[in-house]
Amino acid sequence: MDWDRLYASRMRDVVASDIRERMKLLAAKQLIHLGGGLPDPDIFPYEAIAAASNRIWADRAVARTALQYAPSEGYGPLRAWIAAYMTGLGAPCAVDNILITNGSQQGLDFVAKLLLSPGDRAMVEIPSFIGALRAFDAYQPTYVGLPGGNPTDVKFCYAGPDFRNPTGTTMTLAEREALLDMADASGMAILEDGCYERLRYDGAPLPSLIALACARRGSVEAAPVLYTGTFSKMVAPSLRIGWIAGPAAVIRKLVLIKQASDLATSALSQMLLLDVVEAHLEETIATACAVYRERRDSMLAALAEHMPHGVRWSRPEGGLYIWIELPEQIDATVLTQRALEEQGVSAIAGAAFYPRGIAAERNTLRLSFSMIPTEPAREGVYRLGALTREMLQS
Ligand code: PMP
């Protein structure tokens, strides 16, 4: 059977993610894992989830709802809770402004499905979250880079303003305002990835793009922004609960996509999650921030101690990632391969985070400090530093 002949043209540019491939390797080996940005399972709220689960099974009427199909828009009380949460973050939303998705990854896919025909222009930050690029690839856009790209005829600009994946950097208020000005002038939409907004370890929070747009335009209905949010990093990713916030008319269109794609997100997951966040969200965020803050500080200290002269890195105020710029003569793909095979350390070469058609910087590296305790992480940085020094000398 010749399957290659049958694949749709949209699959032409869809390739396996280097990170996912490495995660498979991880399962097999004892590695010092500075690669993928998984949350630490030690901080998941096990007791709260168990208690929520018990409450569902204790009441047959509640249990029936939990095992039935949920509405495609999402479980009403959770939508209402998220609308209030978004309002608290400065973007006044009603229930109709929220669609529950199966993680925010599904939100990124749906927005691209809604807006992109083959050949349309999509603006993305350079570099960008690899999962977003892979989701967009299937709709065959032409990529335009931010900053510097021309917004003419761009359908949307994908941006992660806070502690972005992969660089860990944050947009200043002036950069946020400038992006909104660009959207106002060009008519393009903004797809804001709010994945890490609440994982801030120091400094004052900045308003999200959707909050700034609501303030400019008077309401979310007139804002040019679609915001994807997620509980994956604040509670637990396996519940697969994310959301899209935006104008009600756009949300209605996205509901049609949701129906055609998977009918609805699990009612059980949504009810569990709602029970947990109603009582414990701020607590789970505080726990995550305390753990990750310490790991970030420790990794930054290890980099200062072990990296040779000429290596530079970002100093994230939140999120899970540090972006490393190596001296230009070092190819990070070679370095990460050698680190994995010779040193048992996983890290991701920055080239993975560049969209197709836009040249990648070969000397960049993403490290994540989320997954492992400070001591093995310091050892991992030490080994990466030694390997970098060796490659510089050869
Ligand atoms: N956006 C960003 C920037 C991410 O890093 C991730 C996952 N690491 C996601 C979205 C998707 O996460 P989820 O589908 O679990 O919400």
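We did not get these values from a lab; they are worked out from the coordinates using the rules stated. All of these numbers come straight from a predicted model, not from anything done at the bench. Cβ sites come from the backbone with ideal geometry, for glycine too, and all protein chains shown count toward neighbours.
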Pull up all non-local amide H partners of Ile32: gap of 5 or more, or a different chain, and H-to-H distance under 5 Å with H placed in the peptide plane.
-> Val345, Ser346
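Calculate the dipole size of the chain relative to its Cα centre from +1 charges on Lys and Arg beta carbons and -1 charges on Asp and Glu beta carbons; express the result in debye to the nearest 20.
On the way: 38 positive and 44 negative charges, 137 e Å.
Here the size comes out at about 660 debye.
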What are the ³J(HN,Hα) values, in whole Hz, obtained from phi via the Karplus relation 6.51 cos²θ - 1.76 cosθ + 1.60 with θ = phi - 60°, for each residue of the stretch 191-199 in sequence order, with x given for Gly and Pro?
-> 9, 9, 9, x, 3, 10, 3, 8, 8
Using 7 Å Cα-to-Cβ label points, what is the Glu47/Arg338 separation (nm, one decimal)?
-> 4.9 nm
Search the structure for amide H atoms under 5 Å from the amide H of Thr142, placed 1.01 Å from N in the peptide plane, and list their residues when 5 or more places away or on another chain.
-> Gly119, Asp120, Arg121, Ala122
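At 222 nm, what helix-only mean residue ellipticity would the chain give, in deg cm²/dmol to the nearest 500, using -39500 (n - 2.57) for each DSSP H run of four or more? Before the final figure, lay out the partial values.
Numbers: 13 runs with 175 residues, N = 394.
Taken over the chain, the calculation gives -14000 deg cm²/dmol.
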With a point put 7 Å past each Cα toward its Cβ, work out how far Ala215 is from Asp184 in nm, to one decimal.
-> 1.3 nm
A correct Karplus calculation of ³J(HN,Hα) over the stretch 158-163, with 6.51 cos²θ - 1.76 cosθ + 1.60, θ = phi - 60°, whole Hz and x for Gly and Pro, returns 8, 9, x, x, 10, 6
Between Glu175, Glu197, Glu125, find the one with the highest GNM mean-square fluctuation for the chain; connect C-alpha pairs within less than 10 Å.
-> Glu175
Counting sequence-distant residues (5 or more places) and residues on other chains, those with an amide H built under 5 Å from that of Gly74 are Ile100
Lysine pair count for the chain [Cα-Cα under 29 Å; pairs on different chains or 8 or more apart] = 12
Would you mind telling me which residue in Ala70, Ala132, Ala61 has the biggest mean-square fluctuation in a Gaussian network model of the chain, where springs connect alpha carbons within a distance under 10 angstrom?
-> Ala61
